[in-house]
Structure formats: C-alpha cells, structure tokens
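For reference, the structure is listed below as structure tokens.
The values are calculated or read from the model by the stated rules, or taken from the named source; none is laboratory data. Source: prediction; values computed, not measured. When we count neighbours, we look across all protein chains shown, and the Cβ atoms used for this are built from the backbone with ideal geometry, even at glycine. To get the accessible areas, we keep the full protein, side chains included, count just its heavy atoms, and leave off ligands, DNA and RNA. Shrake-Rupley method; radii C 1.70, N 1.55, O 1.52, S 1.80 Å.
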Amino acid sequence: MPGRLRFIGARALSLSVGHHRVLVQPGEELRALSEAERNVLWRTGLFESVL
C-alpha cells in the first residue's frame with residue numbers, strides 16, 4: 001500500500017472517501033489521508049504510487 005497517491009485522471013474529480021469528499025485535480029498528490037482512505041482510493045485504479 002503506497003504512502004502517497006497521485007491522481008492520474010484527465011479531469012478534476014470529486015470522490016466520496018469515508019465521511020467526506022475529496023476534490024482532486026489531474027497530477028495532484030494526496031498526502032493527508034488515513035491508511036483506510038488511501039486503500040479505498042488506490043482500489044479505484046485512478047491513482048498511482050508516489051515514491
């Protein structure tokens with residue numbers, strides 16, 4: 001499970017994660033998420049791992 005995720009979609013997207021929504025832009029890194037939230041987003045296939 002990656003520690004940080006980068007959105008690889010072509011357009012901005014609003015996703016429901018837990019009890020809140022996350023608005024992501026193409027190429028944006030997500031850092032301040034819990035492990036459970038990262039796991040949910042990772043499984044969508046819309047994010048790549050950031051080393």
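The charge dipole of the chain, taken about the Cα centre with unit charges on the Cβ atoms of Lys, Arg (+1) and Asp, Glu (-1), comes to about 60 debye, rounded to the nearest 20. Peptide packing for 33-43, 13-23 was compared via the average number of neighbouring C-beta atoms within 10 Å per residue; ordered from the highest value, the list is 33-43, 13-23. Extension gain for the segment Glu28 to Arg11, taken as residue separation times 0.36 nm less the Cα-Cα distance, is 5.0 nm to one decimal. Computed over protein heavy atoms with a 1.4 Å probe, the accessible surface of the chain works out to 68 Å² per residue. Per atom type, the chain shows carbon and sulfur on 52% of its accessible surface, probed at 1.4 Å. Summed over all non-identical Cα pairs, the Kirkwood treatment of the chain gives a radius of 10.8 Å.
Taking all Cα pairs closer than 8 Å and separated by 6 or more residues, the relative contact order of the chain comes to 51 percent.
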